[in-house]
Structures are given as C-alpha cells and as structure tokens.
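Here the structure is laid out as structure tokens; the discussion comes afterwards.
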Amino acid sequence: MEKFTNLTGVAAPMPLVNIDTDMIIPKQFLKTVQRTGLVKNLFDEMRYDDQGNEIPDFVLNQPAYRQAQILVTGENFGCGSSREHAPWALADFGIRAIIAPSYADIFYNNCFKNGMLPIVLPQDQVDVLMEDARKGENARIAIDLESQTVTSADGQVFAFQIDPFTKHCLLNGLDDVGLTLEKVSAIDAFENAAAQARPWI
Amino acid sequence: MPKTLYDKIWDAHVVHEDSDGTCLLYIDRHLVHEVTSPQAFEGLRLAGRTVRAPDKTIAVPDHNVPTTPDRENGIENPESRIQVETLDRNAQEFGVNYYPVHDVRQGIVHIVGPEQGWTLPGMTVVCGDSHTATHGAFGALAHGIGTSEVEHVLATQTLIQKKSKNMKVEITGSLPPGVTAKDITLSVIGATGTAGGTGHVIEYCGQAIEELSMEGRMTVCNMAIEGGARAGLIAPDQKTFDYVKGRPHAPKGAQWDAALAWWTTLKSDEGAHWDKVVTLKAEEIAPVVTWGTSPEDVLPITGHVPDPESFSGGKVGAARRALDYMGLQPGTRLTDIEIDTVFIGSCTNGRIEDLRAAAEILKGRKIAVKRAMVVPGSGLVRAQAEEEGLAQIFIDAGFEWRLAGCSMCLAMNPDQLAPGERCAATSNRNFEGRQGRGGRTHLMSPAMAAAAAITGRLTDIRELAPQPA
C-alpha cells in the first residue's frame, strides 16, 4: 500500500452534504475486475452530460482543479454502498485526502486500505478550508499526518484525530493481511476453542 | 456488568485485542458476490494465499445477472458476463460454497444466506455489500465491508475492527393497519437522518419489532445502513428459532439443542449501557414514501413535497438539488405524483411475505403504469410464489414476472429506468441515478408500490377502494 505522510496541494470544493457512492462512481462502472482505470467515470453523472461531454461547471472539470489532490466536502460523505470502487476512483484521479465533517463508516474504512486519508474536522473549520479550496491554486492546503494537522492557506492550524493503529499503517504503507497473518496462531487457537464452544458453526 | 446483545456477540468473537482497543474479530460467515470480490480473489492469487475457511464462505452471483427467462443462454453484456464467470472460476478454484446462476437456490445474497440456514443467531456475518445488515434480524452481527476487507477475511477469516457504540431504537406499541416493516425502517431514518446511526450498532426492540415476522425484521435491519449504522440487530426469539429450524445448514439433533441453549441468552441485559436511544410510537407511524434523493427524505403519504428553504445548513442546497432532480414542486401533494414504473423486489422487500402483501392488493386488478415488474429475491421465493398462485396474480395484473437477482434496485443489469422515468420501488436507495441515469425513485413498502401500480400515482394504501368482488 502507498504510504501517506504529508501533502500540500490544491483542494477541490464540493460543498454538498450526503455525497453518496453512486454519485462518486455509478454502478454501471463497477463491472471491472480490476482496481484501476476508474478515473474516467469518477462523479460520472455530475461530470458529463448525456452525450458524454464534460460539464464545464463541475468542479473537477475546471482547469484549477484538474490536478486537485484534496477534496473538501459536506457531512456524511461516501454514504451508500460498500463499493471500494469509490476510493479507487478518487485515488485514480489523484485525490489523496478528503476533508469533511463526517463520513459514512464503510467508505471511511475503505480509504485507509488505499493509502488515502479521510480527515474529520468540525463544520466551522471545514468552512474555512472550503473558502481556501474555492481559491484554487491561490490557496494550497497542507496536511501532515505525523502531527495530525491541517494548515489552511493563511496559516491556521487545525488538529484532527485518527486511530493510532490506522495512522501507523498509513505512515508506513503496511498491508493489513500481512499484519494479521503474523497472528495466525491466535486465530488457530480461537478457531479451536470456538469449535468446542459452538460446534454448529 | 450488564451487556447489550452487540457486546455479547462482539465478546464471543474477539481473537486478539491491542492496547489501543483495535481488535481482530473472528468471522463466522463470509458471503461473496461477483461485483466486490474479483479484486480480492486476485489479491490472494498474487500473494499465493488460499481461502482460510472455504466451508464458511458462501458465494452467489446477484448484482449483474439478468432477470429475464433468456438468461440461461448466457449474459449478453460482456462486462457483466466476465464478472459472473470470474466468480464461477474463483468459487471453483478456492473451493467455496457456491450457488451459480442456473441453481434454483440462486438469488440475492442476503436472501439466500438466511434461506439456506447459513445465517444463525450470535454469528458474525460479513459481505462486500452494505446491505449485509439484513442478517442482523437473526441476532447476528452483520455488516458490509470493502473489497480490501473481503480479501482480508478470505485470507484470515478475521477482520480488524474497533468496537462501535450501542444505539437502541425502540418501537413501542402495535403498528396500525396498512403500516409495515418498511414504514418502520424508513420512519426511523426520517427521524434520525442518514448519519444518525454513524459509529453505532443499532438494536431494534419494542413490541412492534417483536410482532414482526422474520421477513419484516430483515426489512428493518436491511436499512440500518441507510441510517448510517454499522449494523442493525434484533434479539432472537421463538420466531427466529422456528424460522431457522430445519433449514439446510442449520444445526440438527444435539447440536440444535446446544445452539438453542446459547441463542436464548442472546439479548441485552437489564441495565445495559446505551450511547444513544431513539423511541418511536408505532401508532404514530404512517405509510411513508420518499420524495427526494436520500433515504432520509421521507414523509407520510398524506404529506406534501417540502420547501427546501424549510431545512437548515447544507440540507437546503441538497433539498433544492433533490427537487430539481426529482422534477417536483414544493407543496405538491404526494398523492398527486404520477409514476411510470413499479419495481417490487430487492434484499429489502423481495421475500415471500413481500410478494404476498403486494399480490393481495393486486388480486383482480390491472396496472395503470407503463411498466411493472416483480423480481423475487431468490429462485426458491419465486418457486414458492408460483406454488401459492401469487405469480399468476402478478401476471394477470400486468406485471412482468422475473427471475431472481438485484435487478432494478441498483440497475447494474439491463433492468433500468430511462431518464426522467418515475418509479415506485420497494428497494432501499433513492440516490440520483441509482435505478438508471436520470431515473426518479420513490421508496415505499410492497403494498404501497402495488397500490401505486393500480392507480398510476403515489397512493395511500389505507384510502384504496376495496377490491372488486
């Protein structure tokens, strides 16, 4: 997995609440058996018209945001399905971090498995960063995972929380499966005990 | 210390706990479908790993499969076909339990699991699908996971988890006539919002929940995810045990007795701690429909399309966008909204009881919409409905009688809405484009969807004239 340490970049503003996974990557594009190649259909229905032409008003179609690495957005981002295609598509575009007041649970977890950092900040701080995002190239946002801070373009520093284990994995690009397999003897022991206690399973 | 049902199931499955509370949780059942698993199996293959517990892994194609009778000739869409064929191949290569497209037991993974007795009380159940919450109806801790986690469970039969908070949703009293499990679950989301359950596992309880059938309880738990919760749970009782008993993979003989002895302890203790409590009175729940593009956009059928300005914060913009997408004006009576299409099915409402409820309304009547379809949740539900004469009622009314699959709930197969088409649906999501690009979805119960099919507009089931003799 790709490491995440720090990032300074352009943030794209998407001030909508409840952006769901069907908006992020509509289901007709889930028919792939690969993790990559989803970028062209990221936010498909917001990004293209019925003829497949780009809608110029959509934020990621604007020249200032084509290289955006951060998304600043509204509460409950990523609600809906469990499709990991949503973070895959965002990562494929180049988005490495998201800043929002809250996320849907499964989406939030899925981000970390892909070297992406979803940051939770209170609405008033998100509002400050949303203003930065609206300025495009003129207001870069800095994220530092080690110190757990986001710094706005004019130097305001906002601290965020992250679970220590998740942070450790992200900083070092660690693969969950490999880590868990180090505990295989504990899994064996649990399985044996459970086979005695609940043999019907 | 008194424990909740969630605490008890959690404690029984912790393999390892780190000092920061991160746990390795054992998974009893892993359900797999064709859309979220190919990359996970490929990951195993690349790392030279195997499936740790193929006997606890159950795979079935459901999202992509066509529901028309010609599907036995193969799947026309090449990408869909590749996904289903990939699952065929992976199931065989890794030796997991499998119900292929042509098997009568095939169906929506969340209907097949309980139907085959794979889902049992007290289990941990996961699937790369958010509606895994359905299995909570059995008092199982069940939730959706992403593809990386699917790979993790395949390889290790465990999941890295932090414990969620406990939330109690109590529905007191009895449901009035015409009000169903779907109205309960939508009303809860309407009351708490789509993020109301975030970070929590919900236990649904109270008289109205106890009075629901297992099918109804599955409908309630199914939409726990739309309320933002990690999972929804209902304590198992005699109805649960009666439903489970005799199913192909349910325990038998002495094992049944041992299982039952444990299952009867699976309830929240008196005095257990709840981080959040929500109480609704069943008597105050009406048949509901959604008007917008989020499941929280729900109102009693007697209501009117709301004015976006009546909301606050980010919801004002979201509601404006929703009304624009839905082609609705504030103040319109919900019962004046005309519809083109009716969809009855999905893991929310594709079980036999749902089909019975819809058929009861449709008996001796004709549809007044362009298109109406019933998609049974599994091949066995379909067979039972045919045996009970329900299929003929649907066909006589003008419905298309389809084969099992997810179908128009998410429209990954050819069952889709055209742009601007308006659908009365028994599924779980009314997101933009969910049932097809530009399609407009109103969520409701099977009986309400059937009523809408007859009148051609959203209809209060309680106001529907009696059936012709």
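Check each of the trypsin sites (Lys or Arg not before Pro) in the stretch A:49-103 and keep only those in coil by DSSP with at most 15 other C-beta atoms within 10 angstrom; list them in order.
Details: sites: A:66, A:83, A:96; in loops: A:66, A:83, A:96.
Answer in residue order: A:66.
In whole Hz and in residue order, list the ³J(HN,Hα) couplings for the stretch B:239-251 that follow from phi through the Karplus curve 6.51 cos²θ - 1.76 cosθ + 1.60, θ = phi - 60°; x for Gly and Pro.
4, 5, 5, 4, 5, 6, 4, x, 6, x, 10, 7, x
Between residue B:105 and residue B:162, what is the spin-label point distance in nm, taking each point 7 Å from the Cα along the Cα→C-beta axis?
3.9
Between residue B:274 and residue A:192, with labels modelled 7 Å along Cα→Cβ, what's the label distance in nm to one decimal, could you check?
4.2
Determine, from the Cβ-Cβ distance of residue A:36 and residue B:465 and an R0 of 60 Å, the FRET efficiency 1/(1 + (r/R0)^6), rounded to the nearest 0.05. If you can, show how the numbers build up before the last one.
Values: r = 56 Å, r/R0 = 0.94.
Approximately 0.60, to the nearest 0.05.
Using the Cα gyration tensor of the stretch A:37-151, with a ≥ b ≥ c the square roots of its eigenvalues, what is the shape: rounded (a/c below 1.5), prolate (a/b larger than b/c) or oblate (neither)? Kindly include the intermediate steps, with their values, before the conclusion.
On the way: a/c = 1.73, a/b = 1.19, b/c = 1.45.
Cα axes put the stretch A:37-151 in the oblate bin.
To the nearest 500 deg cm²/dmol, what mean residue ellipticity at 222 nm is calculated for chain A from DSSP H runs of n ≥ 4 alone, each contributing -39,500 (n - 2.57), summed and divided by the residues? Display every interim value, and only then the final one.
Values: 8 runs with 66 residues, N = 201.
When only DSSP H runs of four or more count, the value is -9000 deg cm²/dmol.
Cα gyration tensor of the protein assembly as shown, axes a ≥ b ≥ c as square roots of the eigenvalues: rounded (a/c below 1.5), prolate (a/b > b/c) or oblate?
Values: a/c = 1.43, a/b = 1.10, b/c = 1.30.
In terms of gyration-tensor shape, rounded.
To make sure I understand, if each residue's beta carbon is the centre and we count other beta carbons within 10 Å, what order do A:85, B:249, B:33, B:273 fall in, fewest to most? The partial results should precede the final answer.
Values: A:85 29, B:249 17, B:33 26, B:273 13.
Lowest count first: B:273, B:249, B:33, A:85.
Of all DSSP beta bridges in the protein assembly as shown, what percent run antiparallel (nearest 5)? Working shown, then result.
Values: 24 of 78 bridges.
Percent antiparallel among DSSP bridges in the protein assembly as shown is about 30.
If I take every Cα pair under 8 Å that is 6 or more residues apart in the stretch A:6-197, average their sequence separation and divide by the length, what percent do I get for the relative contact order? Numbers along the way, then the final one.
On the way: 329 pairs, mean separation 42.6, N = 192.
22 percent.
Please sort by residue number the chymotrypsin sites (Phe, Trp or Tyr not before Pro) in the stretch A:66-95 whose DSSP state is loop and whose Cβ has at most 10 other Cβ atoms within 10 Å. Walk me through the numbers before you get to the answer.
Numbers: sites: A:77, A:88, A:93; in loops: none.
Passing both the DSSP loop test and the Cβ count: no residue.
What is the magnitude of the charge dipole of the protein assembly as shown about its Cα centre, with +1 placed on the Cβ of each Lys and Arg, -1 on the Cβ of each Asp and Glu, and no other charges, expressed in debye to the nearest 20? Present the calculation step by step, with values, prior to reporting the outcome.
Numbers: 61 positive and 85 negative charges, 109 e Å.
The calculated dipole for the protein assembly as shown is roughly 520 debye.
Hey, which of these cross-link pairs are over 31 Å Cα-Cα: B:163/B:239; B:56/B:276; A:3/B:3; B:56/B:165; A:183/B:252?
Correct reply: B:56/B:276; A:3/B:3; A:183/B:252.
What are the trypsin sites (Lys or Arg not before Pro) within the stretch B:69-130 that DSSP puts in a loop, where the Cβ has at most 10 other Cβ atoms within 10 Å? Write down the numbers at each step before the final one.
Numbers: sites: B:71, B:81, B:89, B:105; in loops: B:105.
Counting only loop positions with at most 10 other Cβ atoms within 10 Å, none of the trypsin sites (Lys or Arg not before Pro) in the stretch B:69-130 qualifies.
Let's see if you can work this out: charge +1 on each Lys and Arg Cβ, -1 on each Asp and Glu Cβ, no other charges. What is the dipole magnitude of chain A about its Cα centre, in debye to the nearest 20? Write down the numbers at each step before the final one.
Working: 16 positive and 27 negative charges, 85 e Å.
Dipole about the Cα centre, nearest 20: 400 debye.
What residues of the stretch B:429-450 lie in the reach of a label at residue B:360, counting those whose backbone N is under 15 Å from a point 7 Å from the Cα along Cα→Cβ?
Of the residues in the stretch B:429-450, B:445-450 have backbone N under 15 Å from the label point off residue B:360.
Taking the simple approach of a point 7 Å from Cα along Cα-to-Cβ for both residue B:284 and residue A:156, what is their distance in nm?
With each label point 7 Å from Cα toward Cβ, the separation is 3.9 nm.
Which one, B:157, B:82, B:126, projects farthest toward the positive side of the charge dipole computed for chain B from Cβ point charges (K/R +1, D/E -1)?
Going by the Cα projections, it comes out as B:82.
Which percent, nearest 5, of DSSP beta bridges in the stretch A:6-197 are antiparallel?
Details: 11 of 24 bridges.
Counting DSSP beta bridges with both partners in the stretch A:6-197, the antiparallel share is about 45 percent.
Students often forget the sequence filter, so: which aspartates and glutamates lie under 15 Å Cα-Cα from residue B:162 once same-chain residues fewer than 8 apart are removed?
A:105, A:163, A:176, B:7, B:11, B:17, B:18, B:20, B:149
Cα to Cα, under 25 Å, and not fewer than 8 places away if on the same chain: which lysines meet these conditions relative to residue B:370?
In chain and number order, the partners are A:27, B:182.
Expressed as a rounded percentage, what relative contact order does the stretch B:339-469 have, with Cα pairs under 8 Å and six or more residues apart?
32
Using unit Cβ charges (K, R positive; D, E negative) and no other charged atoms, how large, in debye to the nearest 20, is the dipole of the stretch B:98-188 about its Cα centre?
Details: 6 positive and 7 negative charges, 68 e Å.
Its charge dipole is roughly 320 debye.
Shape verdict for the stretch A:6-197, please, from the Cα gyration tensor: rounded (a/c under 1.5), prolate (a/b greater than b/c) or oblate.
oblate
Given R₀ = 60 Å, FRET efficiency for residue A:61-residue B:261 by Cβ-Cβ distance, to 0.05?
After rounding, the FRET efficiency stands at 0.45.
Could you line up B:55, B:396 from fewest to most neighbouring Cβ atoms inside 10 Å?
Working: B:55 9, B:396 13.
Least crowded to most crowded, the residues run B:55, B:396.
Among B:336, B:28, which comes first, second and so on when ranked by fewest other beta-carbon atoms within 10 Å?
So the ranking, lowest neighbour count to highest, is B:336, B:28.
Calculate, for residue B:321 and residue B:387, the FRET efficiency according to 1/(1 + (r/R0)^6) with r their C-beta to C-beta distance and R0 45 Å; round to the nearest 0.05. All intermediate terms of the calculation are to be shown ahead of the outcome.
On the way: r = 46 Å, r/R0 = 1.02.
Efficiency, from the Cβ-Cβ distance: 0.45.
Here, each number is a calculation from the coordinates, and none is a lab measurement. Quick caveat: nothing in here was measured; it's all calculated off a predicted structure. We place every Cβ from the backbone using ideal geometry, glycine too, and count neighbours over all the protein chains shown.
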